[in-house]
């Protein structure tokens, strides 16, 4: 399955958030990144442009792409200390309405990209790490499809929490094959409702999806 710009942006964002790419570091060239991920340079460019919109990198013509000083500040005490349950509650407050806005603004290119992500998620039921990265990319894509830049930025902050140690440890506990299959089915139903231009059905399906995730986290915390 082909990797997309949202996937590359997510992977680079994680490297910035965990310090593998530090403030003022120069990222590898578009050519090197394209070879690394086996994609066209245009796909890499889209990913870098998204990171630039999020304030994580600065693209300097003729020089390259650099991690901005702001990128260093994104890992603040709130993000570092946020628990998985706080993350779910925050997503619960935002993502149902993101679905409503996606109904209004999503384009064919968004649906095509979402189908690609769903197909890849459905092929990695035994790989929690790969599924989690694709899951992040899917929810990020929904935010992108709203064409609301502020919402996209807020979701990028939420994704920073998803890259923290607590969540990385928790996903190994909760993301078994049965749970991944359940989430895949829920993702597909959400996409179908958005594509059918049914805002309340899409929002309710997202609520159900996040409620299932909250239940999994609660059960894991009790063990």
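Here is the figure for the stretch 21-39: residues that are within 21 Å of the chain's Cα centre (by Cα), over 17 Å from residue 136 (Cβ atoms) and without any contact (Cβ under 8 Å) to a residue 40 or more places away in the chain total 5.
Consider only pairs whose beta carbons are under 7 Å apart and that are at least six residues apart or on different chains; among these, list those whose first residue lies in the stretch 132-153 and is at pLDDT 90 or above and whose second residue is not in a helix (DSSP H, G or I). These pairs meet every condition: 145/106.
Residues of the stretch 82-110 being farther than 13 Å from residue 193 by Cβ and either outside the structural domain of residue 138 (by TED's automatic domain parsing) or not in a helix (DSSP H, G or I) (or both), which ones? Within the stretch 82-110, 82, 83, 107 qualify.
Tell me whether the stretch 77-92 contains one or more residues that are crowded, with 18+ Cβ neighbours inside 10 Å and in contact with a strand residue (DSSP E or B) (Cβ under 7 Å, 6 or more places away or on another chain). There is no residue in the stretch 77-92 that is crowded, with 18+ Cβ neighbours inside 10 Å and in contact with a strand residue (DSSP E or B) (Cβ under 7 Å, 6 or more places away or on another chain). Residue 43: over 20 Å from the mean Cα position of the chain (by Cα), at pLDDT 80 or above and more than 20 Å from residue 132 (Cα to Cα), yes or no? No. For the stretch 51-65, the set of residues classified as modelled with pLDDT of 85 or more and closer than 18 Å to residue 145 by Cα consists of 51, 52, listed by residue number. Count, please, the residues in the stretch 172-188 that happen to be over 19 Å from residue 206 (Cβ atoms) and in a helix (DSSP H, G or I). Adding up the residues that qualify gives 4. Are any of the residues in the stretch 17-28 out of contact with any strand residue (DSSP E or B) (no Cβ under 9 Å at 6 or more places or on another chain), within 28 Å of residue 119 (Cα to Cα) and outside the structural domain of residue 157 (by TED's automatic domain parsing)? Scanning the stretch 17-28, I find at least one residue that is out of contact with any strand residue (DSSP E or B) (no Cβ under 9 Å at 6 or more places or on another chain), within 28 Å of residue 119 (Cα to Cα) and outside the structural domain of residue 157 (by TED's automatic domain parsing), so the answer is yes. Does residue 146 meet the test of being in contact with a helix residue (DSSP H, G or I) (Cβ under 8 Å, 6 or more places away or on another chain) and in a loop (DSSP other than H, G, I, E, B)? Yes: the conditions hold for residue 146.
Scanning the stretch 26-72 for residues that are in contact with a helix residue (DSSP H, G or I) (Cβ under 8 Å, 6 or more places away or on another chain) and part of a loop (DSSP other than H, G, I, E, B), we see that the one that is surrounded by the fewest Cβ atoms within 10 Å (Cβ to Cβ) is 40.
The values are calculated or read from the model by the stated rules, or taken from the named source; none is laboratory data. The structure presented is a predicted model; accordingly, all values stated were derived computationally and were not measured. Please note: Cβ atoms are built from the backbone with ideal geometry, for glycine as well, and neighbour counts cover all protein chains shown.
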